[in-house]
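Worksheet for the structure shown next.
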């Protein structure tokens, strides 16, 4: 336990009253609060006063920061403007390159080449028109000569045909007479054949009757044979049954004889045993009689010695009799003892057998109980195994279903993506290609009409393209099927879509871009060094034309005649407009240029 040592505090009464007043009111001294607020007011006024000084550290730092931010914003704006212009120029350049590449790829395909061949064929047909007219005139003259020759030939042919007709008439009459004779001969032959057929038919009927009689005799013979065979089998069966009954009777007699022989043998054995016992009794009585006779003779001849011997013999006989009696008693006792032992053994055997039977019954009962218990345990084990198997099967099934659903979802997503890629997107791309080609073909047809060239080759190429790509409209359904397919409508895809517009060509670069590029570079300021960066290499108009000018892969587009004509200030006269051969190669891919921003596909 700690002890707190207290010390006295000396203060005046006024301080003590003030402390007591503070402890009673539980607040600070108002004087101290007023002094603290006054000091805070002075500090705030001092800070507000320093903010108006131009040479204060805060104002100087603020002005420097504002100037730095203004310079940074101006530099950022200049750089952003330059890079926007640069990205715009690069994007336009990329668009021009992509447009040129797409145009080149499009013109290198089979269908545009087919149109090119059609245009060439149209030009060839136009060039040969005059030759065709001349050939037609020559052909007209040849036709006049041919008509004159044909009139002469016709008159001669008419006379020849009249003679030929008369000859055919005479031949017809001769053939008619010959046919009549042939008909009569055919009728006679048919009557003869009919009579022969009737005779053969009657003979065949007689043969059939005889054959039926023979078949009936054969059938009767077979039935008799079957009856005899059946009777023979019945007799053989009865004979076998009689033989079997005799064998059974013979076996029964043999059994009775065997039993009689066994009974006679038993009686013979009993008689032999009785005779053996009687013979043994007779031999024993004879021995006793002889012994008595010998004893009597000795008694009469020898006297005392005989008496002693007789006494000894009697004693011996008595001993022997006693011994035999003792032996007989012992044998009897032994027989009784053995009988008792056998009885005891039999009783013990019966008790042991009863105990064994009881133990066997108990063991069997326990075995049955254990078997029932084992069956219950086995059934419980099987039920548990079945439950575990069902649970595992259900888990495996759920896992398989989950995996199958995941695989189905994944396959469905892939299949949808594939179907969309090879279906909707492919159809859109194919339709876009068809629209582009059909628009291009329409432009070629319009150009051919404007230059009075035949349009059939181009239309035939378009028809061939539509046939290969299955753009021709399907036929209408039959009236019987129209009610079953009310939504069926024929669609004509041989023309571009109404809302299709050919994508415009990207604008060509101008020299103003270079001037604006220099102005932008002069206004850019590097933030780290405060100096303008190194001016990049200026792209000239020639280099720009070298970069984007090869839209058709044939050379500089400024060398093209159509481009040079578009750059001129005067227009072509009507004679030059009609002369299509002076505008470039007649490949069907020429394009007019507006403001120098489109390229010609011909050289």
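Summed over the range 41-88, the residues that are within 30 Å of residue 19 (Cβ to Cβ) and modelled with pLDDT of 90 or more give a count of 0.
One line per residue, one yes/no per condition, for (1) in a helix (DSSP H, G or I); (2) closer than 30 Å to residue 107 by Cα; (3) touching a residue at least 40 places away in the same chain (Cβ under 8 Å); (4) in contact with a strand residue (DSSP E or B) (Cβ under 7 Å, 6 or more places away or on another chain):
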{"site": "373", "(1), (2), (3), (4)": "yes, no, no, no"}
{"site": "383", "(1), (2), (3), (4)": "yes, no, no, no"}
{"site": "389", "(1), (2), (3), (4)": "yes, no, no, no"}
{"site": "401", "(1), (2), (3), (4)": "yes, no, no, no"}
{"site": "404", "(1), (2), (3), (4)": "yes, no, no, no"}
{"site": "422", "(1), (2), (3), (4)": "yes, yes, no, no"}
{"site": "430", "(1), (2), (3), (4)": "yes, yes, no, no"}
{"site": "441", "(1), (2), (3), (4)": "yes, yes, yes, no"}
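Within the set 148, 158, 133, 113, the sole residue that is modelled with pLDDT under 85 and out of contact with any strand residue (DSSP E or B) (no Cβ under 7 Å at 6 or more places or on another chain) turns out to be 133.
Among the candidates 301, 291, 279, 295, the residue that is modelled with pLDDT under 85, surrounded by fewer than 10 Cβ atoms within 10 Å (Cβ to Cβ) and part of a helix (DSSP H, G or I) is uniquely 301.
Within the range 480-502, the residues that satisfy the criterion of being surrounded by 10 or more Cβ atoms within 10 Å (Cβ to Cβ) and not in a loop (DSSP other than H, G, I, E, B) are 481, 482.
Going by the conditions given, is residue 324 at pLDDT below 80 and touching a helix residue (DSSP H, G or I) at 6+ places or on another chain (Cβ under 8 Å)? Criteria not met by residue 324. In the range 464-479, the qualifying residues are those that are assigned to a loop (DSSP other than H, G, I, E, B) and touching a helix residue (DSSP H, G or I) at 6+ places or on another chain (Cβ under 7 Å), and the one that is surrounded by the most Cβ atoms within 10 Å (Cβ to Cβ) is 471.
Do the conditions hold for residue 448, that is, is it part of a helix (DSSP H, G or I), out of contact with any helix residue (DSSP H, G or I) (no Cβ under 7 Å at 6 or more places or on another chain) and either at pLDDT 85 or above or surrounded by fewer than 11 Cβ atoms within 10 Å (Cβ to Cβ) (or both)?
Working: part of a helix (DSSP H, G or I): yes; out of contact with any helix residue (DSSP H, G or I) (no Cβ under 7 Å at 6 or more places or on another chain): no; either at pLDDT 85 or above or surrounded by fewer than 11 Cβ atoms within 10 Å (Cβ to Cβ) (or both): yes.
When the stated conditions are applied, residue 448 does not pass them.
The values are calculated or read from the model by the stated rules, or taken from the named source; none is laboratory data. These figures come from a predicted structure and were not determined experimentally. Here the Cβ is made from the backbone with ideal geometry for all residues, glycine too, and neighbour counts use every protein chain on show.
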